[in-house]
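Novice: There's a structure below that I have some questions on.
Derivation of every value follows stated rules applied to the coordinates shown; laboratory data play no part. As the structure is a prediction and not an experimental result, all values here were calculated from the model. Here Cβ is always computed from backbone atoms with ideal geometry, including for glycine, and neighbour counts include all displayed protein chains.
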Amino acid sequence: MTAMEFVLIAIAIVLVALVAGVSLLVGRGRRTTRLDDDAVSGTTLTRPRPPAAPPETDRPAGATASGQGLAPVEPVSPEAPPAVELPPAEPEPGLAFETPPPSAGRLVRLRSRLARSQSSLGRGLLTVLARERLTEDDWEEVEETLLAADVGVAATTQIVERLRTQSMVLATATPADLRALLVRELTAVLGPDLDRRLGTDRHEGRPGVVLVVGVNGAGKTTTVGKIARVLVGDGKSVVLGAADTFRAAAADQLETWGERVGVLTVRGREGGDPASVAFEAVRTGVEAEVDTVVVDTAGRLHTKSGLMDELGKIKRVVEKQSPVTEVLLVLDATTGQNGIVQARVFTQAVDVTGVVLTKLDGTAKGGIVVSVQRELGIPVKLIGLGEGADDLAPFEPEAFAEGLVGAGD
Ligand code: GDP
């Protein structure tokens, strides 16, 4: 056998092996890109088969479907040029992608979920304020009610002072007037003028990149899945990055969220380098020209410097591809002040641009929104109001205050 024949046979064997590996993956119907190893030479990627164009209505807007077959996949390296145009995969036979509802108006629909806060904060305040003459004891009760709902000392003082100046009005107010007044005062301490827009849009021809950080158990991975649905519901195309490589379950969970709405998930091997996964997710998003890449990160609260190193590295590596347009910190509303202490560790490690408060449906302390914003100086942009797939809503101060008071439902 000549050297040339030998080389040709070797190439043929490699090609057959590649095709076999890919068909195995496609056969399982995964819409996932896996990094089989860290970002070192020899790494290979397997990608899902580009689909025949799915029905227009089922395809996330903005994504393109090439249907060109598989291109060979480059090893992960910051310099690697875009290899293929990546469309979203088609649904499994017999299944259709879900079309989530748009985000607008979600909070109004979901605000009755604040029932626990409503009964202790809203009803508590309305009962006291409806009394004919308010004594010092009554005002103390108002103060205690606000503090018990985690509104925080400064905002409580502000609300009580403003209500006291309106005691003449209170004395003659109808229940509806009282409600309206309370909604107005609560809205005022919820930062109605803060900019809560999510940085998810494409920027200079590249996808917006959202990093999602927070401690384990806060609801981070669930929130990334819900954000993907919000974005798809709003007509955007999305790639997810499962950079929480320390929990295999987190990547599985994310993949399932993505599959339901036809969104591709990039994941690595368990214990692999989170920054490699984040890098590859963003690279995939750049190639596929999607609107937004959302990256789930590991939530281990180890040492502060370890966290800083890890998040810093992820951000640096990602920004070789596309600027990070939003860093969301996920906080569990039921953890109260403890959650705020943990949050500080993250805000010192990375430049957080927005807070997502989860589990507001499970707490009587809805006032935590006020103290989180005041103590961290960062706007709450999204709130979680349940475990359902679409129970995440853009935060709107007035609708939220109405939810707390129980007005309009
Ligand atoms: P992670 O460890 O931070 O990634 O947390 P997960 O995303 O795995 O969520 C932890 C638990 O919190 C899961 O059981 C979620 O269903 C639950 N969860 C997340 N968000 C909410 C919410 O807004 N309300 C309620 N009631 N549960 C939530």
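Novice: For Cα pairs less than 8 Å apart in space and 6+ apart in sequence, what is the mean separation divided by the residue count of segment 108-189, i.e. the relative contact order in percent?
Specialist: In percent, rounded to a whole number, it is 32.
Novice: Work the Kirkwood hydrodynamic radius out for segment 119-249: mean of 1/r over every pair of different alpha-carbon atoms, inverted, in Å.
Specialist: So the Kirkwood estimate lands at 18.5 Å.
Novice: Can I ask one more? So which lysines pass the test for K313, namely a Cα distance under 30 Å, with those fewer than 8 places away in the same chain ruled out?
Specialist: Straight-line reach from K313, under 30 Å: K220, K226, K236, K304, K359, K381.
Novice: Show me, for segment 146-162, the HN-Hα J-couplings you get by feeding each phi into the Karplus relation (A = 6.51, B = -1.76, C = 1.60, θ = phi - 60°), rounded to Hz, glycine and proline as x.
Specialist: 5, 5, 5, 8, 6, 5, x, 5, 4, 5, 4, 4, 4, 5, 4, 4, 5
Novice: Normalised by the number of residues in segment 228-324, what is the relative contact order in percent for Cα pairs under 8 Å and 6+ residues apart?
Specialist: Relative contact order of segment 228-324: 32 percent.
Novice: Please arrange D291, D309 by how many other C-beta atoms lie within 10 Å of their C-beta, fewest to most.
Specialist: D309, D291
Novice: Can you tell me, using C-alpha contacts under 8 Å and at least 6 residues apart, the relative contact order of segment 321-384 as a whole percent?
Specialist: Relative contact order comes out at 37 percent.
Novice: Further, regarding this structure: About the Cα centre of segment 208-398, how large is the charge dipole given +1 on each Lys and Arg Cβ and -1 on each Asp and Glu Cβ? Please answer in debye to the nearest 20.
Specialist: Value, rounded to 20: 500 debye.
Novice: Based on the Kirkwood radius over alpha-carbon pairs, what is the Stokes-Einstein translational diffusion coefficient of segment 201-265 at 25 °C with 0.890 mPa s viscosity, in µm²/s?
Specialist: In µm²/s, the coefficient is 200.
Novice: Which one of L129, A115, V189 has its Cα pushed farthest toward the positive end of the charge dipole of segment 108-189, where Lys and Arg give +1 and Asp and Glu give -1 at the Cβ?
Specialist: A115
Novice: Still on this structure: In what sequence do T347, T200 fall when counting other Cβ within 10 Å, fewest first?
Specialist: T347, T200
Novice: So if I restrict to the alpha-carbon atoms in segment 274-348, what is the Rg, and what is Dmax, the biggest pairwise distance, in Å?
Specialist: For segment 274-348, the Cα radius of gyration and maximum Cα-Cα distance read 13.9, 42 Å.
Novice: In addition: Using the Cα centre of segment 362-405 as the reference point, and only Cβ charges (+1 on K/R, -1 on D/E), how large is the resulting charge dipole? Debye, rounded to the nearest 20.
Specialist: 240 debye
Novice: When every alpha-carbon pair in segment 208-398 is counted, what percent end up more than 25 Å apart?
Specialist: 28 percent
Novice: Exposure proxy check: W257, W139 ranked by fewest other beta carbons within 10 Å?
Specialist: Least to most surrounded, the residues fall as W139, W257.
Novice: Can I ask one more? In square nanometres, what is the average projected area of the Cα convex hull of segment 108-189?
Specialist: Answer in nm², one decimal: 5.2.
Novice: Here is a follow-up. Using θ = phi - 60° and the Karplus form 6.51 cos²θ - 1.76 cosθ + 1.60, what ³J(HN,Hα) does each residue of segment 258-264 get, whole Hz, x for Gly and Pro?
Specialist: Those phi angles translate into x, 4, 5, 10, x, 9, 6 Hz.
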